[in-house]
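Each value in this text was obtained by applying a stated rule to the coordinates, not by laboratory testing. Quick caveat: nothing in here was measured; it's all calculated off a predicted structure. Quick reminder, even Gly has a Cβ in these numbers, built from the backbone with ideal geometry, and neighbours come from all protein chains shown.
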Amino acid sequence: MLIIVTGCSGFIGFHLSNELLNNNLSVLGIDNMISSGNVLQNWRLEQLKAKGINFLDVDITNKAELNKKIKETNFSGVISTVYHLAGLAGVRQSVLEPKNYYKNNIMGTINMLNIATEFSGESFVLASSSSVYGSQKKRIPFVENETSEIPQSPYAFSKLFAEKISRDYSNISSLNVSSLRFFTVYGPAGRVDMSILKFIHNIINDYPINVFGNGFQERDFTYVKDICDGIIKSSQIDGFEIFNLGSSKPYSVIKVLSTLKEIINKEPKIEYLPKHFADVDYTWANIDKAKSLLKWHPSTSLKDGLEKTVNWYKNNKNWISSIFEKIN
Ligand SMILES: NC(=O)c1ccc[n+]([C@@H]2O[C@H](COP(=O)([O-])OP(=O)(O)OC[C@H]3O[C@@H](n4cnc5c(N)ncnc54)[C@H](O)[C@@H]3O)[C@@H](O)[C@H]2O)c1
């Protein structure tokens, strides 16, 4: 039985693969190594290689190449689970290059669904996003069956569409599919284009921090270890299900910065910029369904999660700083 993790060199894919390998499972990791912060991707991949991951450097939107490379592994059995995390992330960037987001997130998902069904896959776990909820009128937690039909960005649309296609595959085949709506994931070796690691780098180095809007926009920040627990549990679901995976405790950007100030013991230098139109005011997961069907309970507090992330940054400061120096 084989487990495939697409996007294994990305942030969440790395942590998930790491956990699966720690449990002595055989993992075929797939990634085309394209996201920002290549040095960080290489670092993650080296850690996984040291633990025995079988790695394919391939673009999942290229079906012919994908099939060829999988065949070359001489794998002839059954795929137990495809954890499909590869894709282009980032709401704001998707507004600048919508076509790329549709291609990677929709075509890439279709190709991986085909691989799963061709190899009699048992389950398929799709990385979806809280972005599919768009802007909600009332400030209440988002429930899985109350999705906006008018997503606010090409990224959100690509995730919503990938969910619908995955549901269709589950209907017409024996593939079990879980679509997981992640809420702002953070943690060690996180993405350099996301707020938390950038905030840590800028506070430690006395650089100004750009905050879009008034800083009171809230995100349901969720620690990556909790997310990986939920991802693994969701592979046991029958049929098709959508789950919110979030801490269900939204915090404002200002609160995150004040918690980092306490941990790092330095004052952040905030510079306010206008709110981006594709940014929503808050995200907040209702996780009753994941609690009841998956027995999933996120357990890492914001303070603990941030402390672990700051420690990771400090232990890897020399090389991770050089990535920020290049992209800033
Ligand atoms: N991090 C979050 O807060 C968050 C929130 C909601 C949803 N998600 C989703 O979860 C998934 C993982 O997110 P992440 O934060 O780890 O992102 P990431 O950018 O760190 O990882 C994505 C990985 O996919 C790879 N990839 C992209 N296109 C590919 C292609 N065509 N072929 C092969 N590999 C490709 C990239 O090289 C990268 O390593 C993404 O689908 C993202 O949209 C993430």
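Some notes on this structure:
- Scanning region 261-291 for residues that are without any contact (Cβ under 8 Å) to a residue 40 or more places away in the chain, in a loop (DSSP other than H, G, I, E, B) and of a type in the set (K, R) gives no hits.
- Qualifying positions in region 71-92 - within 14 Å of the ligand (Cβ to nearest atom) and not hydroxyl-bearing (S, T, Y): V82, H84, L85, A86, G87, L88, A89, G90, V91, R92
- Selection of region 188-230 for residues being out of contact with any Leu (no Cβ under 8 Å at 6 or more places or on another chain), within 15 Å of the ligand (Cβ to nearest atom), among the hydrophobic types (A, V, I, L, M, F, W, C) and assigned to a loop (DSSP other than H, G, I, E, B) yields only M194.
- Scanning region 292-304 for residues that are touching a residue at least 60 places away in the same chain (Cβ under 8 Å) and more than 17 Å from I231 (Cβ to Cβ), we see that the one that is surrounded by the most Cβ atoms within 10 Å (Cβ to Cβ) is L302.
- Residue within region 128-141 that is in contact with a His (Cβ under 9 Å, 6 or more places away or on another chain), among the small types (G, A, S) and either buried (at least 24 other Cβ atoms within 10 Å of the Cβ) or assigned to a loop (DSSP other than H, G, I, E, B) (or both) present: no
- Total residues in region 57-70, condition within 11 Å of the ligand (Cβ to nearest atom) and of a type in the set (S, T, N, Q): 2
- Unique residue being in contact (Cβ under 8 Å) with a residue 12 or more places away in the chain and within 22 Å of L40 (Cα to Cα) when the list is I200, I231: I200
- Scanning region 56-98 for residues that are hydroxyl-bearing (S, T, Y), buried (at least 19 other Cβ atoms within 10 Å of the Cβ) and farther than 20 Å from S179 by Cα yields one hit, S94.
- Count of region 1-56 residues, restricted to those that are within 14 Å of the ligand (Cβ to nearest atom), part of a loop (DSSP other than H, G, I, E, B) and either without any contact (Cβ under 8 Å) to a residue 24 or more places away in the chain or aliphatic (A, V, I, L, M) (or both), is 3.
- Answer residue from region 172-187, given it is of a type in the set (A, V, I, L, M) and away from the ligand (no atom under 16 Å from the Cβ) and is nearest to D238 (Cα to Cα) among those: L175
- Qualifying residues in region 97-127 (those that are assigned to a loop (DSSP other than H, G, I, E, B) and charged (D, E, K, R)) - the one farthest from the ligand (Cβ to nearest atom): E122
- Of all residues in region 172-187, those being over 18 Å from I106 (Cβ atoms), more than 17 Å from the chain's Cα centre (by Cα) and not in a loop (DSSP other than H, G, I, E, B) number 1.
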